[in-house]
Amino acid sequence: DQGFEPLLIHVHLTGLVNRERFEKCIHAALLGAQANRIRHTFMSLDLDQFKVVNDTCVHKAGDLLIKKLSQKLDDIVLDKGTLARLGGDEFGVLLEGDNAQMGYLLANKLLNAVQEFRFVWENRIFTIGISIGQVSWQPNISTPEQLLSMADSACYLAKERGRNQVHTYSPEDKHMQRYESEITWVSDINHAL
């Protein structure tokens, strides 16, 4: 199965949970949230400037960067939540229960760690950044896809506003409403065509 192989590579490379397993963790957390009103916070992390490393060096360099950075991020998340590699240069963090309340603090620790991170390859030093979108569980969120989409929207706005920052999802945010409206229109137009 071709779709399964990349998931194994991500786990092998980073030692982190893969996307498939992570979505199962989110699904279980959502069921717990709906039944017991347990708070959860989800973060979507997207590396900035990672493509520069892959384009100017061999992909082996990009793999090593991902491996080292994954270890650094995992050291910060530790037993507070679940860190997963969702693909390429994307990661996710799920915080449950009491840990969910410190989501913004943890997001800023992750942001600072990536900003301080230096990757050296063949006497070249690379710096990268990260954009983080964060969303707290709300009663209207019932599927992992919904939660991922909301966090991705917040991450997109973090990138749009200059990268290297955290943006928290809010349905009242006018920029968020505009972005989600644009996404809906694109989908509707493609469906009509």
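Summary table below
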quantity	calculated
Contour minus Cα-Cα distance for T56 and V120 (0.36 nm per residue)	21.8 nm
Fraction of accessible area attributable to carbon and sulfur, the stretch 17-98 (%, probe 1.4 Å)	48
Surface per residue (accessible, 1.4 Å probe) for the stretch 26-119, Å²	47
Cα-based equivalent ellipsoid, the stretch 98-156: semi-axes from gyration tensor eigenvalues, Å	30, 14, 7
Simple label model, 7 Å out from Cα along Cβ direction - K109 to A35, nm	2.9
Two-decimal log10 I(q)/I(0) for the stretch 45-165, as the Debye equation yields it once each C-alpha is a single scatterer, q = 0.22 Å⁻¹	-1.35
Only Lys, Arg (+1) and Asp, Glu (-1) charged, at Cβ; the stretch 67-179 dipole about Cα centre in debye	440
Alpha-carbon Rg/Rh ratio, for the stretch 29-115, with Rh computed the Kirkwood way	1.05
Reachable lysines, given that their alpha-carbon falls under 30 Å from the alpha-carbon of K67 and they are not under 8 places away in the same chain	K24, K51, K80, K109, K159
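The values are calculated or read from the model by the stated rules, or taken from the named source; none is laboratory data. Treat the numbers as computed from the prediction; the structure is a model and nothing was measured. Glycine also receives a Cβ, built like all others from the backbone with ideal geometry; neighbour counts cover every protein chain displayed. The area values use the complete protein model at the heavy-atom level, side chains included, leaving out ligands, DNA and RNA. Shrake-Rupley method; radii C 1.70, N 1.55, O 1.52, S 1.80 Å.
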